[in-house]
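Chemist: Here's a structure for you.
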Amino acid sequence: MHRSILTGLSMVFLGTQAIAATAMIGKELQALLSGGKVIELGGPKEGYSGELSVLKDGTAHGQVKLDSGDVISIDGVWHISGNTFCSSWKGGRDAGKAVCETWNKTGPKSVSVLNGKRILAEILGNSLEP
């Protein structure tokens, strides 16, 4: 669980299959995130909860609290490269490495976050409004 949280964008992990997903293009990602965004992480039945502040200066900070009580900090940088969201977290399995993800729209207020074909996260709700 710790690796997944720090490897991916860290929204709602262990997501489900994307249905009729449409990949967001770079301009859409930039419009969504360029002014900064606070994204809710996890939730009921996910095993953790928290939030990630994606700031307009290209940094991101947040934390998640596991149901076990452990708290994991998320800290690093992000940028848009082509049609992908790329981040580099300070900790975890991929510490210091850029990991780029495709964000697929799955509904009016939902996105699946993928690294290749592997779903890393499901983002739901108002955190997707520009």
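Chemist: On the full set of protein chains, 1.4 Å probe, figure out the accessible area of ILE119 and give it in Å² to the nearest 10.
Modeler: My reading of the accessible area for ILE119 is about 40 Å².
Chemist: Just the number, please: carbon plus sulfur as a percent of the accessible area of region 23-121, 1.4 Å probe, no ligands or DNA/RNA counted.
Modeler: Here it works out to 52 percent.
Chemist: Which lysines have a Cα less than 20 Å from the Cα of LYS65, not counting those fewer than 8 places away in the same chain?
Modeler: Excluding near neighbours in sequence, the set is LYS37, LYS45, LYS90.
Chemist: For THR22, THR84, give the ranking by accessible area with the largest first, probe 1.4 Å.
Modeler: The most accessible residue leads, giving THR22, THR84.
The values are calculated or read from the model by the stated rules, or taken from the named source; none is laboratory data. Keep in mind that what you see is a predicted model, and the values were worked out from it rather than measured. These accessible areas exclude ligands, DNA and RNA; they are computed on the full protein's heavy atoms, side chains included. Shrake-Rupley method; radii C 1.70, N 1.55, O 1.52, S 1.80 Å.
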